[in-house]
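Each reported figure results from applying straightforward, stated rules to the coordinates on display, with no laboratory input. Everything numeric in this text was worked out from a predicted model, so none of it was measured. Every residue, glycine among them, receives a Cβ derived from its backbone with ideal geometry; neighbour counts consider all protein chains shown.
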Amino acid sequence: MKNISLLFILTIALFGLNSCFNVPKIVLNKSWTEAPQPPEIVYDLSKNWAALPNKKDAADLVPKKSGFKDQQADAKADVFFIYPTIFTYEPKNEFIWNGSVEDEYLNAVVDSSTILNQATVFNGSCKVYAPRYRQAHYYAFVTPNKTDKDAALDLAYQDVKKAFEYYLKNFNQGRPIVIAGHSQGTLHATRLLKEFFDEKPLQKQLVAAYIIGIATEKNTFHQIPACDSPTSTGCFIAWTTFKQGYLPPWHPGTTTNLVSTNPLSWTLDEEFKPKEMNKGGVFFGFEYAKNMADAQNHLGVLWTHIPYVKGRMFVNIKNWHKADYNLYYSSIRENVGDRINQFLLNKKE
């Protein structure tokens with residue numbers, strides 16, 4: 001029993017679920033305007049990128065026992081990856097609303113969690129670009145003060161935008177682009193898609209957008225539809241993961257206009273897909289595990305049974321937000337490659 005309990009705790013730590021489900025009830029007592037903000041970021045310095053294809057970083061790794069290889073050197077497309085909220089703890093310096101990219105502790109947590117467990121999904125078929133940015137503190141999402149929330153998120157987005165403009169000017173060279181994010185990263189990715197791609201010339205370079213971990217409506221964009229097949233391109237993929245049978249408090253409990261892509265079939269229908277269709281997820285110690293989770297869309301959210309890992313009988317988590325990528329790691333990795341191949345084929349025709 002003791003070993004199983006320890007395994008469960010370690011599993012939660014891997015998925016980053018401790019930062020999602022056990023976030024301390026922190027209140028930032030200064031308003032955004034009263035608190036100092038970290039200095040602006042210079043993106044021609046490689047240290048201000050969590051991942052670049054020409055430097056050694058966490059995005060170059062692959063899960064243990066997976067047999068995968070980092071293919072960035074030969075990749076025919078790029079991914080611009082925007083990581084989620086990692087700044088969830090009591091601020092350790094004067095920058096309380098937006099994290100500093102000079103904060104070595106925060107950078108280390110970003111690299112060992114989201115870059116390792118999420119950004120690496122794309123290194124099988126994309127060159128990985130992931131800028132550091134002055135991410136908004138978790139409190140920005142729960143504060144009753146909308147002015148503070150908007151200011152913190154706007155500052156974060158301005159960094160993402162600046163990094164993307166630097167990427168376009170210095171790295172892209174007309175290559176196909178995958179946009180990807182999770183949670184707060186998806187908020188910024190959605191805004192980026194609206195500003196740079198939707199009804200813009202750059203849309204012709206968009207392979208697909210993986211905007212995961214935030215409820216996203218079908219009509220979010222004017223000309224970027226929801227992907228409805230495994231090889232659709234120029235479209236977006238979205239889902240938020242919950243325990244089978246559970247709907248979150250914000251859900252109306254009836255039909256919604258939300259997009260939920262099943263990451264085992266890559267369709268929008270509500271047909272249940274068993275764990276046997278899941279080639280593998282990522283478990284404790286960044287280790288590959290086959291048939292980790294099943295999947296079923298339901299009223300705009302993704303349902304899954306408790307992951308099929310040791311100790312699952314002791315797990316009763318309802319919100320699997322932080323494992324959105326981990327549970328379906330191999331399926332996402334394969335699908336990115338399939339969409340890129342289809343995109344390149346379409347260009348030839």
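Here the contact order of the range 262-349, divided by its residue count and restricted to Cα pairs under 8 Å and six or more residues apart, works out to 28 percent. If you run the Gaussian network model on the chain, springs between alpha carbon atoms under 10 Å, then out of Val160, Val110, Val282 the most flexible one is Val110. Averaging the Cα positions of each part gives two centres, and for the range 190-231 and the range 63-92 these lie 20 Å apart.
Between Lys64 and Lys47, the distance separating the two model label sites (each 7 Å from Cα on the Cα→Cβ line) works out to 3.1 nm.
For the range 51-146, the relative contact order comes to 47 percent (Cα pairs under 8 Å, sequence separation of at least 6). Only the Cβ atoms of Lys and Arg (+1) and of Asp and Glu (-1) were treated as charged; on that basis the dipole of the range 2-348 about its Cα centre amounts to roughly 700 debye.
Distance from the C-alpha centroid of the range 257-304 to that of the range 112-174: 25 Å, rounded to the whole angstrom. Scattering from the range 120-191 was approximated by placing one identical point on each alpha carbon and applying the Debye formula without solvent; log10 I(q)/I(0) at 0.20 1/Å stands at -0.88. With a simple spin-label model that places each label point 7 Å from the Cα along the Cα-to-Cβ direction, the separation between Phe314 and Asn170 comes to 4.8 nm. Note that the range 37-49 has calculated 3J(HN,Hα) couplings of 10, x, x, 4, 9, 9, 8, 7, 9, 5, 5, 8, 10 Hz, one per residue in order, obtained from phi through the Karplus relation 6.51 cos²θ - 1.76 cosθ + 1.60 (θ = phi - 60°); glycine and proline are x. Applying 1/(1 + (r/R0)^6) with r as the Cβ-Cβ distance of Val27 and Lys347 and R0 = 45 angstrom yields a FRET efficiency of 0.30. Once both labels are positioned 7 Å from their Cα atoms along Cα-to-Cβ, the gap between Asp269 and Leu202 label points is 3.6 nm. Taking packing as the residue-averaged number of other Cβ atoms within 10 angstrom, the listed peptides 49-62, 130-143, 177-190 run from highest to lowest as 177-190, 130-143, 49-62.
Dipole magnitude for the range 27-137: about 440 debye, using +1 per Lys or Arg Cβ and -1 per Asp or Glu Cβ, origin at the Cα centre. Ordering Asn98, Ile306, Thr267 by Cα displacement along the dipole of the chain toward the positive end leaves Ile306 in first place; charges were set at the Cβ atoms of Lys, Arg (+1) and Asp, Glu (-1).
Result for the chain in a Gaussian network model with C-alpha springs under 10 Å: among Ser331, Ser112, Ser125, the largest mean-square fluctuation is at Ser112. Considering helices alone, the calculated mean residue ellipticity of the chain at 222 nm is -7500 deg cm²/dmol, with DSSP H runs of length four and up weighted by -39500 (n - 2.57) and normalised per residue. Averaging the sequence gap over all C-alpha pairs within less than 8 Å and six or more residues apart, then dividing by the number of residues, gives the chain a relative contact order of 19 percent. Convex hull volume per residue, computed on the Cα atoms of the chain, equals 139 Å³.
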